[in-house]
1. Since Gln162 meets every condition but one in (1) in contact with a helix residue (DSSP H, G or I) (Cβ under 7 Å, 6 or more places away or on another chain); (2) without any contact (Cβ under 8 Å) to a residue 24 or more places away in the chain, which condition does it not meet?
2. Within the bounds of segment 183-200, is there any residue that is of a type in the set (Asp, Glu) and crowded, with 16+ Cβ neighbours inside 10 Å?
3. Within the set of pairs 6 or more residues apart or between chains, which connect a residue that is part of a strand (DSSP E or B) inside segment 217-234 to a residue that is not small (Gly, Ala, Ser) with Cβ atoms less than 8 Å apart?
4. Restricting the search to segment 140-172, which residues are part of a loop (DSSP other than H, G, I, E, B) and loosely packed, with under 13 Cβ neighbours inside 10 Å?
5. What is the number of the single condition among (1) assigned to a helix (DSSP H, G or I); (2) buried (at least 16 other Cβ atoms within 10 Å of the Cβ) that Leu132 does not meet?
6. Taking segment 28-62, which residues are surrounded by 11 or more Cβ atoms within 10 Å (Cβ to Cβ), more than 12 Å from Gly83 (Cα to Cα) and modelled with pLDDT under 50?
7. Looking at (1) crowded, with 16+ Cβ neighbours inside 10 Å; (2) touching a helix residue (DSSP H, G or I) at 6+ places or on another chain (Cβ under 8 Å); (3) at pLDDT below 95, which is the only condition Met268 fails?
8. Here is a check on your reading of the model: is Cys110 buried (at least 16 other Cβ atoms within 10 Å of the Cβ) and at pLDDT 95 or above?
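The values are calculated or read from the model by the stated rules, or taken from the named source; none is laboratory data. These numbers come from a predicted model, not from an experiment. Note: ideal-geometry Cβ built from the backbone for every residue, glycine included; neighbour counts use all protein chains shown.
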Amino acid sequence: MNGRMSFFRVIVEAAAICLLAASVVYAEDGVTAKVPDGNGYAGSKVCAGCHKYEAVSFQTNPHMQAGKLFTEFEGCETCHGPGALHAETQNPADIRDPGKMEPAAVNAICLGCHDRGKQALWMGSTHETRSLACTTCHSIHHGYKHLLVKEDEKDVCFQCHQDVRAQLWRQSHHPIREGKLTCTSCHNPHGTIAPHLIDALTVNDKCFQCHPEKRGPYLFEHKPVVENCLNCHTPHGSNHNKLLARKSLYLCQSCHSGEFHPGTMYAMGASSNVPGNPFVSLGVQGVYRDCLNCHANIHGSNSPSGQYFLR
């Protein structure tokens, strides 16, 4: 991969030299930065004289295209600041370098434009309070889709969320590995008002976007379901069917632990053909039976006789 990238860089630099020779690095359409003036701006053509690779790759960059819409767009110096002094001294300390700046300072540059839409709640978000910079996930000059630092979106998230990566390899999981969903199908990494950066008002509202049949309303509602889907399900991956947090009969018993049915139905020693032998009953009751065998409509029931979610 490194060899391919090096070869690609050589090709791009060669193209840059040709473009510079033809004086078309930046088209003369009002998008070129100003010529050196009293404000300290050097102009993007001056920048391209040394930074050939970045100059060529920036031609198709979304920032370059968006810059054509704004009269205050200063090319390279929109983000790096006035560069006339840097062009004269060639001292890296005389130009703004986001790669060497504190996260808050980098984010302030980006938020100068990206302060609306999905980025509106960045300040105070989980990622902002943990000192992540925009450049942790985005490569401003030449990234992949959405200028991400990696081609696959989930690989960007997995740089930090290794536990989620492991969960997605469990037998029951959302189809993120298969490419049918991405992390941002459920999360807005830039900030939300819901917990866990869920891109909806509540966890349930997000789940109902794909599972509307579970929304109800039902004549008989199962209260844990109404409260939060995560009471019973783990969203990233589980070794139990249907993304359940535990084996279904033990999950039910975490709430339904009455003295009689269903609590003692799966208790060690209950209904055993061998009195006092707990292992026999554990195999018969705990493995071969399941609450959902009878309580099939566990999310809710609209049957007049569905008080116990049997139908």
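1. (1)
2. Checking segment 183-200: at least one residue is of a type in the set (Asp, Glu) and crowded, with 16+ Cβ neighbours inside 10 Å.
3. Final answer for the pair search is Phe220/Asn302; Phe220/Gln307; Phe220/Phe309; His233/Lys242; His233/Leu243; His233/Leu244.
4. If the condition is that a residue be part of a loop (DSSP other than H, G, I, E, B) and loosely packed, with under 13 Cβ neighbours inside 10 Å, then Glu151, Gln159, Trp169, Gln171 are the ones that fit.
5. Of the numbered conditions (1) assigned to a helix (DSSP H, G or I); (2) buried (at least 16 other Cβ atoms within 10 Å of the Cβ), the odd one out for Leu132 is (1).
6. Val31, Thr32
7. Unmet for Met268, out of (1) crowded, with 16+ Cβ neighbours inside 10 Å; (2) touching a helix residue (DSSP H, G or I) at 6+ places or on another chain (Cβ under 8 Å); (3) at pLDDT below 95: (1).
8. Values: buried (at least 16 other Cβ atoms within 10 Å of the Cβ): yes; at pLDDT 95 or above: no.
Spelling it out, it is not the case that Cys110 is buried (at least 16 other Cβ atoms within 10 Å of the Cβ) and at pLDDT 95 or above.
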